[in-house]
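These notes are about the structure you will find just below.
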Amino acid sequence: MEIRNNNASRVMADVGAGRIAAAFASLGAAAIHLASAPDHYAEWWPAGVFFYAIAVFQAGWAPAALRPSGRAVMLLGLLANAGSIALWAVSRTAGIPVGPSAGVPEAISRVGVTTVAFETVICLVALWYVPRRTPRGFASSLRAVVLVGAAGAAVTGVTVPAVEGAMNHSHSHSHRTVEDEQTPHGHNEDDGHDDVHPENTHSGSTAPDPGTEEASATHSAEESGATTEPSEQPADDEPGHDDTPHGH
């Protein structure tokens, strides 16, 4: 048990500050790529697949970079992250040559800049360690532990806002897509067509208002009552007749 602990301490001391920084930077870049992948997948699925793939690679490369030996691991990390940086630069200047937005440069955001910064750290560390056989270590494991804590806190503080920004952008894009799908097409307020319901029309005319009919009937009845005079007079007022009895 004591021998195992000594071996672990020696490995930790031989890792070097650069490898620890590169490992945490790779984890930060992986988290941002993973958070950004759904948005890119919704726009163009090959781009989304690339983001998922690079996130998996960077997450797996981080623990491999902590091994004292392994120049191939460092070289692989250098090539992959340098390619990712080059692709980001092209997409922000000339635009990706393929896809639905081919030739259209994308806007530079804090999310992308943070990711490129992490990948730049990885490339610099890899360039330092690739030509060297034995990594430069620490004087004690305590210093290595302190560096791990400091690097972890720093990378987390930078990664969390970038991940939140990527997720918010993804959610807003999904919300806009749903709204576009739910918007009715073919008619709008300015298309020059009036929405007339068939139940309110008959032979090109609108149905009369019941309230208007009732008011018109009442008005007609009042006028008729005002102009109508009695057609008959009492019998005793008729001329040519009197009540004197006649003899027979």
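Read-outs: derived from the displayed coordinates by stated rules, not from any lab. Computed from a predicted model, the values in this text were never measured in an experiment. Neighbour counts run over all protein chains shown; Cβ positions are idealised from the backbone, glycine included.
Sorted ascending by nearby beta carbons within 10 Å, beginning with the fewest, TRP44, TRP61 become TRP44, TRP61. Neighbour counts of C-beta atoms inside 10 Å place ARG67, ARG19, ARG132 in the sequence ARG132, ARG67, ARG19, starting with the fewest.
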